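Contents: one structure, followed by commentary.
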Amino acid sequence: MRSQLAAAGLRERLEAEIYDFELELRGTDKSNLLIRLDSFRLEILGARPDLLLHNLAAIILTEAGAFRLNTVEVGFTAWLKAGQGRPLNLVAQAFTPAWGAAEAEFLDRRFAMTWDWATPTTGYTFHASSAEDEELMLNFKAREGYMTLTELQTGLWIQEQRQRFEQAARLFLNLLGWTL
């Protein structure tokens, strides 16, 4: 499996740990890569953006003998800094009292909102949060209820979800008044 993953573009060295019903592969050399496989779940975290995750997943699942997937979930996250042309005063906008409190009186400057929606087969979550009005985190998750291994290998579904994330992020940033 290691040589197949390397051929698919996974250049990180991997350390393997095998438990009774679980395989865990971790990237070495300060890598955040984690691949975990058990009887019910395959999880790939911390992979480089240029890696085609659906190819890695298909290789691992083919080795495991999988032919049908009960649920596929993909997530994308963007961390964005506030700055010139990028105001991030969500907390102040939402909670400025009528009597006009000074900024020092805002003790907790966290903001978070989550939107959930679905199509006939896929559920979506878009989450936006900020801390101290300095940094914005946008997170998107899509969950497909059924997929064959062949459908996963094409990568079309994951590509579609990436486009949805980009559209949702652009819309949110436009509503904030950010210039991109």
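Residue by residue, here is whether (1) within 22 Å of the chain's Cα centre (by Cα); (2) modelled with pLDDT under 95; (3) not assigned by the TED database to the domain that holds residue 52 holds:
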{"residue": "92", "(1), (2), (3)": "no, yes, yes"}
{"residue": "114", "(1), (2), (3)": "yes, no, yes"}
{"residue": "131", "(1), (2), (3)": "yes, yes, yes"}
{"residue": "135", "(1), (2), (3)": "yes, yes, yes"}
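Of all the residues that make up region 138-175, how many are open to solvent by less than 30 Å² (accessible area, probe 1.4 Å) and either closer than 30 Å to residue 89 by Cα or free of Cβ contacts under 8 Å to residues at least 60 places away in the same chain (or both)?
Looking only at that region, the number is 10.
Does region 142-150 include one or more residues that are part of a helix (DSSP H, G or I), at pLDDT below 95, outside the structural domain of residue 53 (by the TED database) and more than 17 Å from the chain's Cα centre (by Cα)? Steps first, answer last, please.
The initial filter retains those residues of region 142-150 that are part of a helix (DSSP H, G or I), namely 149-150.
With the extra rule that they be at pLDDT below 95, the set shrinks to 149-150.
Subsequent filtering for residues that are outside the structural domain of residue 53 (by the TED database) retains 149-150.
From what's left, more than 17 Å from the chain's Cα centre (by Cα): 149-150.
Within region 142-150, one or more residues are part of a helix (DSSP H, G or I), at pLDDT below 95, outside the structural domain of residue 53 (by the TED database) and more than 17 Å from the chain's Cα centre (by Cα).
Here's the yes/no breakdown for (1) modelled with pLDDT of 60 or more; (2) more than 16 Å from residue 175 (Cβ to Cβ); (3) among the basic types (Lys, Arg):
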| position | (1), (2), (3) |
| --- | --- |
| 83 | yes, yes, no |
| 86 | yes, no, yes |
| 89 | yes, no, no |
| 100 | yes, yes, no |
| 104 | no, yes, no |
| 110 | yes, yes, yes |
| 117 | yes, yes, no |
| 121 | yes, yes, no |
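Give the residue that is farthest from residue 86 (Cα to Cα), with candidates limited to residues of region 112-124 that are open to solvent by 30 Å² or more (accessible area, probe 1.4 Å) and assigned to a strand (DSSP E or B). Can you show your working first?
Within region 112-124, the first condition is being open to solvent by 30 Å² or more (accessible area, probe 1.4 Å), and the residues that meet it are 112-121.
Keeping just the survivors that are assigned to a strand (DSSP E or B) gives 112-118.
Numbers: 112: 18, 113: 19, 114: 21, 115: 22, 116: 26, 117: 27, 118: 30 Å.
Step by step, filter region 112-124, then rank; the result is 118.
Any residue in region 29-52 that is more than 19 Å from residue 76 (Cβ to Cβ) sitting within a Cβ distance under 6 Å of a residue that is part of a loop (DSSP other than H, G, I, E, B)? List the pairs, counting only those 6 or more apart or interchain.
Sorted first by the residue in region 29-52, then by its partner, the pairs are 31/12; 38/21; 39/21.
The values are calculated or read from the model by the stated rules, or taken from the named source; none is laboratory data. Quick caveat: nothing in here was measured; it's all calculated off a predicted structure. Cβ coordinates were reconstructed from backbone atoms using ideal geometry, including for glycine residues, and neighbour counts include every protein chain displayed. Just the protein is used for accessible areas: all its heavy atoms, side chains included, with ligands, DNA and RNA removed. Shrake-Rupley method; radii C 1.70, N 1.55, O 1.52, S 1.80 Å.
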